[in-house]
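What follows is a short report on a single structure.
Bear in mind that the values in this text are calculations on the coordinates, not laboratory data. Just so it is clear, the model here is predicted, and its values are computed rather than measured. Neighbour counts are summed over all protein chains in view; Cβ atoms, including those assigned to glycine, are modelled from backbone coordinates with ideal geometry.
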Amino acid sequence: MKRFLLTIVASLASIALYAQAPTITSFLPTNARAGETITITGTGFDSTISNNIVFFGTVKAPVVSSTSTEIVVTVPNGATHSLLNVINLTTSLSASSPLY
């Protein structure tokens, strides 16, 4: 049992060490209204839609599609002119946009 637990802990530690933190390099359009879509470009995103969470400030946006380098989201009602934040649930790592 001890050996099993050590194997699991070692596996999780190695995943954390090699996990790539997401980065946001750009997003277009830079101005959009609620209901419109924005394409976020970067690295370290998850290709499974449900493994990415995107916030406009503090408001969560629905993810329409995703690849490892691009996420398309719908601007949510109540979104503010603030930083975009992307969380990759697979790695538990996040990124903020360089512009707002």
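Mean sequence separation of contacting Cα pairs (under 8 Å, at least six apart), scaled by the length of segment 37-100, corresponds to a relative contact order of 33 percent.
Stretching the chain fully between Ser50 and Ala21 yields a gain of 8.7 nm (0.36 nm per residue, less the alpha carbon separation). Here the spin labels are modelled as points 7 Å beyond Cα on the Cα-Cβ line, and at Thr67 and Thr37 they lie 1.3 nm apart.
Remark: spin-label model distance Leu28-Leu89 equals 2.9 nm, labels positioned 7 Å along the Cα→Cβ axis.
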